[in-house]
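Every read-out reported here was derived from the displayed coordinates using simple, explicitly stated rules and does not represent laboratory data. Since we're looking at a predicted model, the values are computed, not measured. Positions of Cβ are generated from backbone atoms using ideal geometry, with glycine treated the same way; all protein chains shown enter the neighbour counts.
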Amino acid sequence: STKFSIEKKDRNLYIQGAEFIVEKNYNEENAAFNFNSDNIRINKLIVEDLDSFGEINKYNFKNLLQFIAFPEGYFYYNLNKEEKNSLNFINLIIQRINIPVIYKKLSNLSLSFLNEKSFFTSEIQFDNGLILVNNFETKKNSFNIILSGKINLSNQLINLNIIIRDNNEKIISIKILGNLENPNVKILSIDKIININFFMNDLSLLLEGGFENVLKNLVTNE
């Protein structure tokens, strides 16, 4: 089969070096498929070397209506040099100031996943516009992130639960709920020291202010 690329500027979506293969065994009810891609970019999120096999349960001439897939690959956040330097500087300061340990762990977590590629595995179902994330798991250093939930593309709603572990010990839970364009995010540490509730667009405004703004908010909240 021939590899292809997709560019949707209105959605900030770019797919390069993709390949979609369907294998139908007429002795069995459902068709198997494999989708792989060299590079996928959604805004600043990059997914590389994606490989996803699965099973098609229902389809028509235009769309896959029901299927289950098991994507795996590498992801990272496309930071420029200035953003990387800011991230490292923030982590250095946080590790040295007198704040609860959970803040230091959260900073190390951010540095690990934002600054480097991370391998992930997952199990995802699609059912007529409803995306069910049965499992998404990634590990980096001592940290482990597990995500599950659903995304309804028909009414543009999202409901995700994220568990963060450090050395196999649960330290933080995150709930993302609401409209896809600007969902509410709740972050709660097990020790209750971190208890943050904000909308996703608020986070974007915070990060636009640079590391001085991040440190100011951290110290103010503490």
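Regarding GLU29, is this residue assigned to a loop (DSSP other than H, G, I, E, B) and touching a strand residue (DSSP E or B) at 6+ places or on another chain (Cβ under 9 Å)?
Details: assigned to a loop (DSSP other than H, G, I, E, B): yes; touching a strand residue (DSSP E or B) at 6+ places or on another chain (Cβ under 9 Å): yes.
So GLU29 fits the description; yes.
Please go through segment 50-89 and give me each residue that is touching an Asp or Glu at 6+ places or on another chain (Cβ under 7 Å) and under 19 Å from GLU116 (Cα atoms), ordered by number.
Within segment 50-89, GLU72, GLY73, TYR74, TYR76 meet the criteria.
Yes or no, residue by residue, for (1) in contact with a strand residue (DSSP E or B) (Cβ under 9 Å, 6 or more places away or on another chain); (2) touching a residue at least 24 places away in the same chain (Cβ under 8 Å); (3) over 23 Å from TYR74 (Cβ atoms); (4) assigned to a strand (DSSP E or B):
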{"site": "ILE102", "(1), (2), (3), (4)": "yes, yes, yes, no"}
{"site": "SER112", "(1), (2), (3), (4)": "yes, yes, no, no"}
{"site": "ASN135", "(1), (2), (3), (4)": "yes, no, no, yes"}
{"site": "ILE146", "(1), (2), (3), (4)": "yes, no, no, yes"}
{"site": "LYS150", "(1), (2), (3), (4)": "yes, no, yes, yes"}
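Given the options ASN36, ASN85, name the one that is free of Cβ contacts under 8 Å to residues at least 24 places away in the same chain and in a strand (DSSP E or B).
ASN36
Considering ALA69, ALA31, which residue is more than 21 Å from the chain's Cα centre (by Cα) and of a type in the set (Gly, Ala, Ser)? Quick ask: steps written out before the conclusion?
Values: ALA69 fails: more than 21 Å from the chain's Cα centre (by Cα).
Selected residue: ALA31, the only one of ALA69, ALA31 that is more than 21 Å from the chain's Cα centre (by Cα) and of a type in the set (Gly, Ala, Ser).
Looking only at segment 82-93, decide whether some residue is hydroxyl-bearing (Ser, Thr, Tyr), surrounded by 16 or more Cβ atoms within 10 Å (Cβ to Cβ) and under 17 Å from the mean Cα position of the chain (by Cα).
Checked segment 82-93: no residue is hydroxyl-bearing (Ser, Thr, Tyr), surrounded by 16 or more Cβ atoms within 10 Å (Cβ to Cβ) and under 17 Å from the mean Cα position of the chain (by Cα).
Output the number of residues of segment 104-140 satisfying the condition of being farther than 20 Å from ASN161 by Cα and aromatic (Phe, Trp, Tyr).
So the count comes out to 0.
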